[in-house]
1. If you go through segment 81-96, how many residues are surrounded by fewer than 20 Cβ atoms within 10 Å (Cβ to Cβ) and either among the acidic types (D, E) or near the ligand (Cβ under 7 Å from one of its atoms) (or both)?
2. Suppose we keep only residues that are farther than 26 Å from A328 by Cβ and of a type outside the set (V, I, T) within segment 132-160. Which one would you say is farthest from the ligand (Cβ to nearest atom)?
3. Which residue, of V49, V31, V69, is within 16 Å of the ligand (Cβ to nearest atom) and either closer than 30 Å to G330 by Cα or among the β-branched types (V, I, T) (or both)?
4. From the list G60, G24, which one is in contact (Cβ under 8 Å) with a residue 40 or more places away in the chain and within 16 Å of the ligand (Cβ to nearest atom)?
5. So F7 passes all but one of these: (1) within 16 Å of the ligand (Cβ to nearest atom); (2) touching a helix residue (DSSP H, G or I) at 6+ places or on another chain (Cβ under 9 Å); (3) more than 24 Å from V181 (Cβ to Cβ); (4) without any contact (Cβ under 8 Å) to a residue 60 or more places away in the chain. Which condition number does it fail?
6. For D176, indicate whether it is at pLDDT 95 or above, among the charged types (D, E, K, R) and outside any loop (DSSP other than H, G, I, E, B).
7. Quick check on segment 100-108. Is at least one of its residues aliphatic (A, V, I, L, M), part of a helix (DSSP H, G or I) and closer than 30 Å to G178 by Cα?
8. Only one residue in L102, L116, L29, L72 is touching a residue at least 12 places away in the same chain (Cβ under 8 Å), farther than 25 Å from M261 by Cβ and touching a Leu at 6+ places or on another chain (Cβ under 8 Å), so which one is that?
Amino acid sequence: MTRLPDFPWDSLAEVKARAQAHPGGIVDLSVGTPVDPVPDSIRAALASVSEIPGYPTTHGTPELREAAVTALQRRYGITGVEPDAVLPTIGSKEAVAWLPRLLGFGPGDVVVIPELAYPTYEVGALLAGAEVVRADGLTQLGPRRPAMIWLNSPSNPTGRVLGVDHLRKVVEWARDRGTVVVSDECYLSLGWEAEPLSVLHPSVHGGQTDGLLAVHSLSKSANLASYRAGFVAGDPALVKTLLEVRKHAGMIVPRPVQQAMVAALTDDEALAEQRERYRARRVVLRKALQDSGFEITHSEAGLYLWATRGESAQATVEWLAERGILVAPGTFYGPAGRDHVRVALTSTDERIEAAAERLAQG
Ligand SMILES: Cc1ncc(COP(=O)(O)O)c(C=O)c1O
């Protein structure tokens, strides 16, 4: 098997120690891990079925699949997804890492990922033995016929949102070539200056979900990173293929988590509350970064600010660590991130204020 890249976060240990040494303590804006509590409705749902001893089903309860379909429609205007075409996953990271393999792709196949991308897309292609090509535009792909193409809007790390024309063009291009389009939509609920759109929205696919999959996560929208809760939805035939392999492989979401997911997919108030927390933190951080000389690129949606001081990513990471602020270098996401850093909005209001004060001191 092709060697996997080094795990990026391990390389931050030294600079993290430097940030931790700040007298006011570290403000950790590196990994985008939720810090706000799991909503009560979700905790109650988890506990409500904790006495059930039997194996859960890989496909998830009918209630869960129905809750996913109605949430997709209510929250994102997605229509035409049948409950059978929903499949729960153990968080979305494992789905991202195993999708190319589970869909049967391997040596000789090409998997396209964005120029700047969540590192697990590359890992997933490598685990399958496929070739990885980084491209944001179809013309870059020339006459290739990729097996699979990843979309991620809003993007991690850049916060870029792909418009309906772009999405439609990719879907049409892929259909002409038999390429599967997989859209990672884990930040879809976090649009700030642009309205993110699902690949499963009828304005994108024109009423046909064939060849399309959307990957959803409840980690950020419902503070459920610790529960490991996500799902895949879209083309019924592709979902069926995934289900068959996952049944054999034991890739099953625990029953209490399935119930928690129903609550998370039903509680729109909790979703709005969490969204508001991130909105407010973003306003504070964005202004503080801009006032201290950073330029913010894209970042119109999602959980991160993609920022530059016009120097190497490493130099900016070190500059911020001196001020007790830890961020991720853009190079974690691809060579094109060489002069940017990714600043996560996932810290408490108190820590975000502390970061803003330190930035204001220069
Ligand atoms: C773009 C993207 N996809 C998927 C994931 C995986 O999230 P989870 O496994 O918590 O669902 C992340 C996590 O940060 C992400 O940024």
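The values are calculated or read from the model by the stated rules, or taken from the named source; none is laboratory data. Predicted model only: the values in this text are computed from it and were never measured. Using ideal geometry, Cβ is built from the backbone for each residue, glycine included, and neighbour counts are taken over all protein chains shown.
1. Our first condition is that a residue be surrounded by fewer than 20 Cβ atoms within 10 Å (Cβ to Cβ); within segment 81-96, this holds for 82-84, 90, 94.
Restricting the remaining residues to those that are either among the acidic types (D, E) or near the ligand (Cβ under 7 Å from one of its atoms) (or both) gives 82, 84, 94.
Counting residues in segment 81-96 that are surrounded by fewer than 20 Cβ atoms within 10 Å (Cβ to Cβ) and either among the acidic types (D, E) or near the ligand (Cβ under 7 Å from one of its atoms) (or both) gives 3.
2. Within segment 132-160, the first condition is being farther than 26 Å from A328 by Cβ, and the residues that meet it are 138-139, 141-147.
Restricting the remaining residues to those that are of a type outside the set (V, I, T) gives 138, 141-147.
Details: L138: 21, L141: 21, G142: 26, P143: 29, R144: 24, R145: 25, P146: 19, A147: 20 Å.
So the residue we want is P143.
3. Details: V49 fails: within 16 Å of the ligand (Cβ to nearest atom); V69 fails: within 16 Å of the ligand (Cβ to nearest atom).
Sole residue among the options that is within 16 Å of the ligand (Cβ to nearest atom) and either closer than 30 Å to G330 by Cα or among the β-branched types (V, I, T) (or both): V31.
4. Working: G24 fails: within 16 Å of the ligand (Cβ to nearest atom).
Exactly one residue qualifies, and that residue is G60.
5. (2)
6. Working: at pLDDT 95 or above: yes; among the charged types (D, E, K, R): yes; outside any loop (DSSP other than H, G, I, E, B): yes.
Here the answer is yes, as D176 does meet what is asked.
7. Step one: of segment 100-108, the residues aliphatic (A, V, I, L, M) are 102-103.
Checking the rest, the ones that are also part of a helix (DSSP H, G or I) come to 102.
Still in the list and also closer than 30 Å to G178 by Cα: 102.
Taking every residue of segment 100-108 in turn, at least one turns out to be aliphatic (A, V, I, L, M), part of a helix (DSSP H, G or I) and closer than 30 Å to G178 by Cα.
8. Values: L102 fails: farther than 25 Å from M261 by Cβ; L116 fails: touching a Leu at 6+ places or on another chain (Cβ under 8 Å); L72 fails: farther than 25 Å from M261 by Cβ.
One residue alone meets the criteria, L29.
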